[in-house]
Amino acid sequence: MQTNSTTSLDISVVVPLYNEAESLPELAEWIERVMVANNFTYEVIFVNDGSTDESWAEIEQLASANAAVRGISFRRNYGKSPALYEGFKAARGKVVITMDADLQDSPDEIPELYNMIVEGGYDLVSGWKQKRYDPLSKTIPTKIFNATARRVSGIKNLHDFNCGLKAYRSEVVKRIEVYGEMHRYIPYLAKNAGFKKIGEKVVKHQARKYGSTKFGLSRFVNGYLDLITLWFTSKFGVKPMHFFGLWGSLMFLIGFISAAIVGITKLWKMNHGMAYNLVTDSPYFFISLTMMILGSQFFLAGFIGELIARSSPQRNDYEVSERI
């Protein structure tokens with residue numbers, strides 16, 4: 001049995017969970033067996049996300065029997081991202097491994113994931129469940145979701161962004177902030193933080209042994225919304241005027257030119273003795289006016305965004321890798 005120490009450990013295993021009491025003893029024993037066989041110093045951090053079953057009681061029992069087991073418990077259910085955030089804060093290992101508590105992720109993958117970080121020089125290695133034991137209602141949307149995420153993030157070599165089994169260099173989890181439901185895009189967050197050596201490993205996907213899945217189809221809708229948010233904030237978060245100012249100016253200019261054409265057309269007809277209508281009788285006048293108003297609002301939104309960005313304490317928070 002490995003024990004915790006105040007010094008840095010080889011591996012921290014962070015396991016977020018919600019109502020997984022049945023699987024915890026088997027998972028803890030499996031992780032311990034792998035760690036002992038490979039002579040790793042380690043810790044296992046179970047993060048109980050407000051479970052309503054006996055999950056926390058199981059964690060307490062496991063911690064009393066094994067000093068390598070630690071636990072964090074939320075008062076209510078917050079979600080996987082907050083659980084990972086707290087687990088990352090508490091982790092002391094040089095390499096941090098995350099996995100789900102439902103036994104669908106295999107701890108036997110840990111040694112190779114560890115070697116890819118330590119010897120392979122990767123900042124982050126994401127698992128790829130190439131062969132899945134899920135229904136088509138889950139696998140098809142997952143494939144579409146991952147294809148979109150690859151396109152938007154620019155991380156072309158990842159096939160499974162949402163795989164719970166991942167390995168990280170310690171510096172990565174200490175520098176990124178996982179919030180909301182952004183756990184799906186940790187590779188993207190890491191890339192935006194300057195950690196660009198991101199790899200992938202094919203891992204086994206095991207059929208669920210206990211309980212039922214905690215995720216519904218709504219996660220795909222939320223996933224796309226989060227992806228748009230992450231793309232926008234990473235691209236325009238510190239320079240909102242480049243987005244809102246550009247589109248606002250274009251909309252105002254098009255609206256102004258359109259309104260001018262409506263007015264000039266009326267004057268031309270008046271000067272040539274032709275029948276003409278009032279400017280306000282033309283729908284194009286109101287469309288043009290609406291575009292000018294929206295363009296002005298977009299521009300002002302960008303200006304306010306710039307004021308907020310300039311007053312942010314993180315405006316000059318840059319990732320510095322080395323100093324001499």
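The values are calculated or read from the model by the stated rules, or taken from the named source; none is laboratory data. The shown structure was predicted, so the numbers you read here are calculated from the model rather than taken from an experiment. Backbone-built Cβ (ideal geometry, glycine too); neighbour counts: all protein chains shown. Surface areas here come from the heavy atoms of the whole protein model, side chains and all, with no ligands, DNA or RNA. Shrake-Rupley method; radii C 1.70, N 1.55, O 1.52, S 1.80 Å.
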Sort out which residues of segment 63-80 are touching a strand residue (DSSP E or B) at 6+ places or on another chain (Cβ under 6 Å) and either open to solvent by less than 30 Å² (accessible area, probe 1.4 Å) or over 13 Å from Leu17 (Cβ atoms) (or both), and write them in order of number.
Ala63, Ala68, Val69, Arg70
Some residue of segment 257-275 being in a helix (DSSP H, G or I) and at pLDDT below 80
no
Return the residues of segment 20-38 that are part of a helix (DSSP H, G or I), open to solvent by less than 60 Å² (accessible area, probe 1.4 Å), out of contact with any helix residue (DSSP H, G or I) (no Cβ under 7 Å at 6 or more places or on another chain) and of a type outside the set (A, V, I, L, M, F, W, C); say none if nothing qualifies.
Glu32
Which of the residues spanning segment 49-64 are of a type outside the set (Gly, Ala, Ser), in contact with a Phe, Trp or Tyr (Cβ under 7 Å, 6 or more places away or on another chain) and within 14 Å of Asp102 (Cβ to Cβ)?
Asp49
Ser249 vs. criteria part of a helix (DSSP H, G or I), free of Cβ contacts under 8 Å to residues at least 40 places away in the same chain and of a type in the set (Ser, Thr, Tyr):
no
Has segment 107-124 got at least one residue that is under 17 Å from Ser8 (Cα atoms), open to solvent by less than 70 Å² (accessible area, probe 1.4 Å) and in contact (Cβ under 8 Å) with a residue 24 or more places away in the chain?
yes
